[in-house]
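Each remark here refers to the structure printed beneath this line.
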Amino acid sequence: MVSYRTMKNTILLILLSSTILKSQSFTSKDWKVMDNKLTTTLTFTKSEIQKIQGFSFNSVWDNQLSYSSNLGYYGGIAELHILKMNYEIQTLYNFEDNIGLGQIDLTFYDYNMDGAIDFSVPIECGKSCYFKYYLFNPKSQKFVHQKEWDYLRIQKINRKKKLIITQPDGSAKTVEQILYQINQDKLMRLKTIKY
């Protein structure tokens, strides 16, 4: 049976955590939650063509793209031909289905807030999903993988100030979020918020 003192301390801790979280939640009207209302996702499960905002994504699916000794063969997109206005601008290779769902999701949004559409693809999922980001470069007319963005989990964005706050990450004792400023394709860490 839980003692009154233990229960009182637990409630106090929950209230304190809630107050701290609320004070750090970035709630002004300029902040938008990064969710499926803001983004568009194209799901690929086979060789097919899907289109979004003047781009065509022609996937070549391979059911035996990768092999793992514990899972056996698993598939993914072996080639992704990207066309803009019916002209092929690039080909990307080997989007593995690391999660084992039999699909690859490309999620589209203007992540670096430069006016051009970009996309992300899951790297891995466990308790949380982590992503690779491909930002569209208007000069080269290609989607460029931004390695420094790998594993970024965006909670909210502020388009007006070009800011990103990450999803809370940590343990029951300490949680942190990182506030980034976006400068073209670069992430500039402004501060780490711990609570």
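The values are calculated or read from the model by the stated rules, or taken from the named source; none is laboratory data. Please read all numbers here as calculations on a predicted model, not as lab measurements. Don't worry about glycine lacking a Cβ; one is built from the backbone with ideal geometry, like all the others, and counts go over all protein chains shown. The area values use the complete protein model at the heavy-atom level, side chains included, leaving out ligands, DNA and RNA. Shrake-Rupley method; radii C 1.70, N 1.55, O 1.52, S 1.80 Å.
Points worth noting:
- Looking at I164, I182, I193, I178, just one residue is surrounded by 12 or more Cβ atoms within 10 Å (Cβ to Cβ) and under 13 Å from the mean Cα position of the chain (by Cα), and that residue is I164.
- Any hit, region 157-173, residues being touching a residue at least 12 places away in the same chain (Cβ under 8 Å) and touching a Ser or Thr at 6+ places or on another chain (Cβ under 6 Å): no
Each row is one residue, and each column tells you yes or no for (1) within 18 Å of the chain's Cα centre (by Cα); (2) not small (G, A, S).
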site	(1), (2)
S69	no, no
A78	no, no
F119	yes, yes
E124	yes, yes
K127	yes, yes
F136	yes, yes
Q141	no, yes
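- Output for region 90-99, where each listed residue is surrounded by 16 or more Cβ atoms within 10 Å (Cβ to Cβ) and either among the β-branched types (V, I, T) or not in a strand (DSSP E or B) (or both): D97, N98, I99
- Scan of region 130-151 for residues that are open to solvent by less than 30 Å² (accessible area, probe 1.4 Å) and farther than 14 Å from M113 by Cβ, ordered by number: Y134, F143
- Entry remark, region 14-53: residues being modelled with pLDDT under 95, among the charged types (D, E, K, R) and either farther than 22 Å from R159 by Cα or touching a Lys or Arg at 6+ places or on another chain (Cβ under 6 Å) (or both) number 1 in total.
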